[in-house]
Amino acid sequence: MRVLMIGWELPPQTSGGLGFAVAGLASALARLGVDLTMILPRQQPLNNFPFKVKFAGVKNGIYLSSYQHFHSQNTNPAKNFANQDLISQVHQFKALVEKSLAGEAYDVVHAHDWLCGPPALAAAEILQKPLVAQIHSTEFDRNGGNSVGGEIFQIEKEMVEGAKKVIAVSGYTKKIVTQNYQIPEEKVEVIHNGVDRQELGKLNDQKELALKAKGKKLIVFAGRLALQKGPDWFLKAAQIVAQHDKETIFVIAGDGDMKEQLIELAINLGIADRVVFTGFLDQEQLAVIYRNADVLIVPSVSEPFGLVALEASFFGTPLVISKNSGVLEILNHCLTVDFWDSFATAAKILAILRYRELNWALKNNAQAEVANFAWERSAQKCFSLYQEILN
């Protein structure tokens, strides 16, 4: 089976979890024997992958990463320049994909999120092959669950309408797709994300962070600093925890358009001396953070999945997760909260810090549970979906 997969970015140059999720699924499909070619909009350094990669554009081309887009959009809200600029780049990606398909033959086109929608629809039409549209996040998620419109929403709608099948990364996401894009439930298949335990196992840097060595307790947020991810709610809970435990330090691992706002919020909450902003971290650096963390908080306002929770569980980090997270459909050994309930979040952080039995149970049970969530399981379901639409 020959599959043309259309993506936007791959490790090591990624702006969030999407690139890692796409790489994990594509690698597992290749290991199952799928002849998979990934096409990207621009040349970039790549990790070693078991599938073929083609570049539609050139090195140092016009394309923004999704993080650069959202950061620029935040700094130019009046003109909404970056939004239109990224959309124009998506359509230029489409034109490049169209030119690259001469003489090519594939059985299925598989695309990830709205950035790949226009090129994927064009590829499916040129090849006269079915399109599988995989939805990792929607405009509803990125806008904190609020109603949306505009061009990106329309691109998402056209993508899922034009697909033969839609993959949602959780039942939570399937509900958004069926209700807000009016897609029949039978057209949407839920395939949860996974982890590459072998690759994570290679991240074996066991060093102890200096703060940890001084006896500090590290409460961690890891993710893009954006409305959807709820880093402001993390800080509001941190203020309460700080009042009850003087040894806690709050680590914000990641970058994004809210960084300056969060720095100001930490100052206004009186906890600036207890908050560490690390900036963007690669997978190896994140692994060190997970190993040193006493608790990881996932306070997302709307989280289609939450791959960070599985990765942290692999390293034995106790979790407090927003109830608006798709990962809760498969991960049971964690504490859950409403993202807006800062007092409940703080109480559960303190409980994990104070009660050794609870800490041990969360750490060890989640670590055992994540062993069941290899990417191969996701890939097998995806392969079965390919077979279904081709028969």
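The values are calculated or read from the model by the stated rules, or taken from the named source; none is laboratory data. Predicted model, so just to flag it, every value in this text is computed and none were measured. Ideal geometry is used to build each Cβ from the backbone, glycine not excepted, and the neighbour counts take in all protein chains shown.
The set of residues in the range 276-312 being under 25 Å from Asp196 (Cβ atoms), surrounded by 21 or more Cβ atoms within 10 Å (Cβ to Cβ) and among the β-branched types (Val, Ile, Thr) consists of Val295, Ile297, Val298, Val308. Taken over the range 149-175, the residue count meeting the criterion of being of a type outside the set (Asp, Glu), in contact with a Gly (Cβ under 8 Å, 6 or more places away or on another chain) and buried (at least 18 other Cβ atoms within 10 Å of the Cβ) is 6.
Regarding the range 316-329, can at least one residue be identified that is within 20 Å of Phe20 (Cβ to Cβ), part of a loop (DSSP other than H, G, I, E, B) and among the polar types (S, T, N, Q)? Yes, the range 316-329 contains a residue that is within 20 Å of Phe20 (Cβ to Cβ), part of a loop (DSSP other than H, G, I, E, B) and among the polar types (S, T, N, Q). If the condition is being closer than 19 Å to Ala213 by Cβ and either within 17 Å of the chain's Cα centre (by Cα) or surrounded by fewer than 16 Cβ atoms within 10 Å (Cβ to Cβ) (or both), then the range 261-275 contributes only Asp273. In the range 240-250, the residue that is nearest to the chain's Cα centre (by Cα) out of those that are crowded, with 20+ Cβ neighbours inside 10 Å and not aromatic (Phe, Trp, Tyr) is Ile249. Quick check on the range 262-275. Is at least one of its residues farther than 14 Å from Lys229 by Cα, touching a strand residue (DSSP E or B) at 6+ places or on another chain (Cβ under 8 Å) and outside any helix (DSSP H, G or I)? Within the range 262-275 (the criterion being farther than 14 Å from Lys229 by Cα, touching a strand residue (DSSP E or B) at 6+ places or on another chain (Cβ under 8 Å) and outside any helix (DSSP H, G or I)), the answer is yes, since at least one residue qualifies. Residue pairs whose Cβ atoms lie under 6 Å apart, separated by 6 or more positions or on different chains, with the first residue in the range 202-229 and farther than 20 Å from Gly306 by Cβ and the second in a helix (DSSP H, G or I), are Asp205/Val288; Leu209/Asn292; Lys212/Asn292; Lys217/Leu353.
Residues that are closer than 19 Å to Leu18 by Cα and not in a loop (DSSP other than H, G, I, E, B) within the range 172-197 comprise Tyr172, Thr173, Lys174, Ile176, Val177, Glu189, Val190, Val195, Arg197, listed in sequence order. With respect to Val288, is the statement that it is outside the structural domain of Gly17 (by TED's automatic domain parsing) and under 30 Å from Val108 (Cα atoms) true? Judged against the criteria, Val288 is not a match. Per the conditions (1) more than 22 Å from Gly24 (Cβ to Cβ); (2) assigned to a helix (DSSP H, G or I), the sole criterion not satisfied by Val148 is (2).
In this structure, is Leu296 touching a residue at least 40 places away in the same chain (Cβ under 8 Å), in the same structural domain as Ala368 (by TED's automatic domain parsing) and not in a helix (DSSP H, G or I)?
Details: touching a residue at least 40 places away in the same chain (Cβ under 8 Å): yes; in the same structural domain as Ala368 (by TED's automatic domain parsing): yes; not in a helix (DSSP H, G or I): yes.
Spelling it out, Leu296 is indeed touching a residue at least 40 places away in the same chain (Cβ under 8 Å), in the same structural domain as Ala368 (by TED's automatic domain parsing) and not in a helix (DSSP H, G or I).
In the range 1-107, counting only strands (runs of 3 or more DSSP E) that sit wholly within it, the ones holding 1 or more residues that are at pLDDT 75 or above and within 20 Å of the chain's Cα centre (by Cα) span 2-6, 35-40.
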